[in-house]
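The values are calculated or read from the model by the stated rules, or taken from the named source; none is laboratory data. Computed from a prediction, not measured in an experiment: that's the story for all the values here. Heads up, the Cβs are rebuilt from the backbone with ideal geometry, glycines too, and the neighbour counts pull from every protein chain shown. We work out accessible area using only protein heavy atoms, side chains counted, and drop any ligands, DNA or RNA first. Shrake-Rupley method; radii C 1.70, N 1.55, O 1.52, S 1.80 Å.
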Amino acid sequence: MTRVSPSSMARALLLLAAPLLLLSSCFQPTTVDCPAGLVCPDGLKCAANQATCISTDCGDGIVQDHEQCDDGNIVDGDGCSRDCKSTEACGNGVVDRVTNEKCDDGNTHDRDGCSADCKSNELCGNGVVDTAVGEKCDDGNNASGDGCSADCLSTEVCGNGYTDPTKEERCDDGNTVSGDGCSADCRSQESCGNGYVDVAKGEKCDDGNNINGDGCSSDCKSNETCGNGVLDTIKGEICDDGNNVSEDGCSADCRSAEGCGNGVRDGEEQCDDKGESATCNLNCTVRVCGDGIVNRTAGEQCDDKGESAYCNANCTLRACGDGVVNTSSGEQCDNPGPVNSPTCDADCSIAFCGDGFTNTTRGELCDTAGNSRTCNADCTPAACGDRYLNTAAGEQCDDGPNSAICDVDCTPTACGDGVTNSAAKEQCDDGNTRDDDDCLGSCKPNICGDSVVNVNGPERPEACDDGNTKTEVACDYGTASCEACSSDCKARLDLKGNVCGDNVKDATNEACDDGNTETEDACPYGTASCKVCRFDCKESLSRTGNICGDNAKDPDHEACDDGNTKTEVACDYGQANCQKCSGDCQTSLSLTGNVCGDKVKDPTHEACDDGNTTTETTCPYGVANCQTCSGDCKQLLAVTGNVCGDGVADLVHEVCDDGNTDTETTCPYGLANCQRCSSDCQQLLTLTGNVCGDGKQDPSASNEVCDDGNTQTESSCPYGQANCQVCRGDCKELVPVTGNVCGDGVLDTKYEACDDGNTDTESSCQYGTASCKRCSSDCQTVLSLEGNVCGDGVKDATNEACDDGNTLACGSCSANCKVQTLQAATGAITAVSSANLSDEETFTISDGINTPVTFEIDRNNNGLKNPANQRVAVANSTPATQVALLIRDAINAVDEPFEIEASVVTGTFTVNVTHKLKGSIGNQAMTERVGNNNFKVSGMNGGSGYDCPQGTKCVGDEDCALDLVCGASKTCVTPPVVPAP
């Protein structure tokens, strides 16, 4: 669609309304008859060369003063516009859209903002190649990289003389030859450091800089690798002979001219520092203390390949006190100094008490390498009583004061040494070890009652001592006669005492005394039990003897003995025959007795006796319960017998037995057929009964709640019933189930053609579904329906904010149809005070339709550098807020058809710029040439609509690009050209 000015648009609307007015006039009473047979109403007249009514002079075929032409019709495209204002020729100052004019500035000259043929506004991006203004191409946009540069000055091919950065061109000298300052592919200016290897210039590399040591030399002639024939000193190369082979005067790594001392490690060299260094020896071996080479530079004083008697392991000269322990020279430790320490003596030996070296730092007061007359082995001064045994000082022991083993004079404690040592538990010590004086050999006092006779006294002489201080009156038990001592040990006594076997019981020492020292083993015959005295008189023993009735026959005194003194008249129970003894054990008797099974009940031993030893287990037939005697006659047993009705068929007496004495007429519930027995057990009966599934509900609710004639539990109702009850397979419960019905969303293929979950007959698909299948309300017909979707050109009132017939980002509606996107482009200009502006500084605004307008700063009415520019007049002290207002006014003062308007919020210095027309055409970048960095322009952007390409679906012209219209097929197309008459 082509944009026109508001005034032109108003005229067009008036022309569109004219036919409507003509039609309405037809109904007026006054009319005009036209030659073509058309009747025009009052107020209208006939066009000269068209069957239509006109309301103005335009179309009457007569050119009036206010008309440029009049061809007798009101049709565009025939050499005279429908409003008679234009001859539809380029250069007449009227933009004739019908002839595809894009502009018309009243002349047919190029380079003035409108091409000579009026088909272009001579702006890059309009799709017209304007060679007159230097364009080489124009592909309808302002984007580079698509075969036409953003400024339309280049076809973006190397060799066209235009440098295209988006094509990665760094230069373009109008040819495709290398070596002339621009490479054949225009990617390099053929200078080292540009990141492009220019082989034609002899470059071997180019890493984007002119720095050595990063893999490419600063002149780009070397890749800084050994063997390339270029000496790269920055890489430490000493030589480079073009290969990586050693022994040819240059090492394989180019680090050496191959000789020790040249500063390069060659071959078997471990290092080479051009002589001795702290890390390298003169012979080019790595310096290590212990390598046998003295390296003075590294501070070595000596090096014996390890520790020696004069050289330490750290390659310093050995000296006691150097702080380094040198075991080869006999050092055990080494304190710097040398000085004593708690662990090391000043002579470099391990410090310990007894080393003969007094080390006061360890607390030693003396050290004579062991005990001496003046010093103990623990390095303290020798003194008896210091608790340290020093034999060299004459001590035999030393516990300080008296102890259990040592006297206070440092001699071992010994009874008889004349020193009474209470710690050794001595009570006396008379200098000897005899027991016949006042002090015993155990150094305890000799006293009366200690069993030792004190013959010599002198203080306590004794005549005797029997170990106590009692005066005994008899000998100790077991001694018939003895000698004892008086309680004061002054007199000897002759005494007698008790002994075992003297027939006198000693109450203290004897349990008995029967006048002998033998132990008897039996009582005399006739005495069943008795007491005898043990041989040592210490215990009275119980013994037994033979008597009549003890069940032991005494051969000397008895004929028999049956264990009692009765004369039995019968055998014991259970013995039919036996031998017994008379009551005096002098006669043997032959007797008889009762036994089980002899049919004689023994009242003492039997509960019953039925004449046998069998235990019966049943009663005779017909007797349900009875008693029998156990086989051992000890118990009356309750047993049972077979009877009719006990459920046990007695095959001897019964035909059948069903456990009762009833004659049944039906089977129990659950048995369809059964056999039962007559009440007398003599006849077998064949019967029938009720079962689940026979279609007859059993009268007992405990057996059946229902019976539908089968034993299945149905899972669903018959079709058409949503809910019902079925009889469970065991007839015990009515079970609620569901069934298929139309509208439940489950297709029953037997009864339904479809089922969409409802009983509605839908007329359209849900939003978002273009086509769908639905089901009729009776589920018998499948319906093919259509529905609204985003992009179909029909606005869905519920789900869409708009619909421009496509799902692209272009047009008047968003791609998801949720946002009305037809917007005008906006931008902003940030003003600064006039003190920060200079004459001739400019900014340019384009509306995308007309020639861009450049605004020029004019300080103090100095005049414009370019008279074609729009003037922004500022004074020397104009603040930024006022400058913003001046810019606003300058923009708004531009003559139509400039489609830009400006506004300023009071008190701010930002000018808000808005395109008067909606659409992406307004997204035109503003530019500025102002030295102050705070003066900024942004936009214009944010315009949308009027931007869909040809072939895109649409609903109106606002969806299509400006040079397109929304055609009858609702597709963006080129406007039809009306042929000239």
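With r as the distance between the Cβ atoms of Ile405 and Asp488 and R0 = 41 Å, compute the FRET efficiency 1/(1 + (r/R0)^6) and round to 0.05. Approximately 0.60, to the nearest 0.05. In this simple spin-label model, placing a label point 7 Å from the Cα along the Cα-to-Cβ direction at both Asn243 and Ala607 gives a separation of 12.9 nm. Reported value for the stretch 192-258: 61 Å³ per residue, from the convex hull of its C-alpha atoms.
Report the normalised scattering of the stretch 409-515 as log10 I(q)/I(0) at q = 0.12 Å⁻¹, calculated by the Debye formula with identical scatterers on the alpha carbons. The Cα Debye sum returns log10 ratios of -0.57. Model label sites at Asp214 and Leu687, defined 7 Å from Cα along the beta-carbon direction, differ in position by 11.5 nm. A simple charge model with +1 on the Cβ of Lys and Arg, -1 on the Cβ of Asp and Glu and nothing else charged puts the dipole of the stretch 478-556 at about 220 debye relative to its Cα centre. Secondary structure note: in the chain, about 90% of the DSSP beta bridges are antiparallel.
List the relative contact order of the stretch 400-443 as a percent without decimals, with contacts defined as Cα pairs under 8 Å and 6+ residues apart.
30 percent
Pairwise alpha-carbon distances in the stretch 891-981 exceed 18 Å for 60% of all pairs.
Using only Cα atoms, what Kirkwood radius does the stretch 246-372 have, in angstroms?
17.5 Å
Spin-label model, Thr749 to Asp694: label points 7 Å out along the Cα-to-beta-carbon direction sit 4.0 nm apart. Measure nothing but the geometry: give the 0 to 90° angle between the long axis through the Cα atoms of 6-25 and the longest principal axis through the Cα atoms of the chain, rounded to 10°. Helix 6-25 sits roughly 70 degrees off the main axis of the chain. Gain on full extension, evaluated as 0.36 nm per residue between Thr297 and Leu651 minus their Cα-Cα distance, stands at 114.3 nm. In plain terms, if you count all Cα to Cα distances in the stretch 823-944 and split them into 10 Å steps from zero, the share in each step is 15, 49, 31, 6, 0 percent.
Each Lys and Arg adds +1 at its Cβ and each Asp and Glu adds -1 at its Cβ; summed about the Cα centre, the stretch 376-535 shows a dipole of about 440 debye. Rolling a 1.4 angstrom probe over the chain with all protein chains present gives an accessible area of which 51% lies on carbon and sulfur atoms. With contacts taken as Cα pairs under 8 Å at a separation of at least 6 residues, the stretch 70-195 carries a relative contact order of 10 percent. Treating each Cα of the chain as one equal point scatterer and applying the Debye formula with no solvent, the log10 of I(q)/I(0) at q = 0.08 Å⁻¹ comes out as -1.16. The average projected area of the stretch 161-286, computed from the convex hull of its Cα atoms over all directions, is 9.2 nm². Computed on the stretch 26-158, the Cα convex hull volume stands at 123 Å³ per residue.
What is the sum of charges, Lys and Arg at +1 and Asp and Glu at -1, for the other residues whose Cβ falls under 13 Å from the Cβ of Thr565? Residues close to Thr565 contribute a combined charge of -4.
By the compact-protein rule of thumb, 2.2 N^0.38 Å, the alpha-carbon radius of gyration of the stretch 297-420 corresponds to a ratio of 1.62.
Computing FRET efficiency as 1/(1 + (r/R0)^6) for Leu365 and Arg460, where r is the C-beta to C-beta distance and R0 is 51 Å, gives about 0.45. Taking every C-alpha pair closer than 8 Å and separated by at least 6 residues, the mean separation divided by the residue count of the chain gives a relative contact order of 4 percent. Over the residues of the chain, the helix contribution to mean residue ellipticity at 222 nm works out to -1000 deg cm²/dmol, using -39500 (n - 2.57) for each DSSP H run of at least 4.
Computed from the alpha carbon atoms alone, the convex hull of the stretch 649-763 holds 112 Å³ per residue.
With all protein chains kept in place, the per residue accessible area of the chain amounts to 53 square angstrom at a probe of 1.4 angstrom.
The trypsin sites (Lys or Arg not before Pro) of the stretch 37-129 that meet both conditions, a loop assignment by DSSP and at most 15 other Cβ atoms within 10 Å of the site Cβ, are Arg111.
Compared with the alpha-carbon gap, the fully stretched path from Thr769 to Glu840 is longer by 19.4 nm at 0.36 nm per residue. If one takes the longest principal axis of the Cα atoms in the chain, at what angle in degrees, from 0 to 90 and to the nearest 10, does the Cα axis of helix 880-892 lie? With both axes taken from Cα atoms, the answer is about 50 degrees. The slack between Gln427 and Ser372, meaning 0.36 nm per residue of separation minus the straight C-alpha distance, is 16.3 nm.
Between Thr508 and Thr661, what's the calculated FRET efficiency when r is the beta-carbon distance and R0 is 60 Å? Round to 0.05.
0.05
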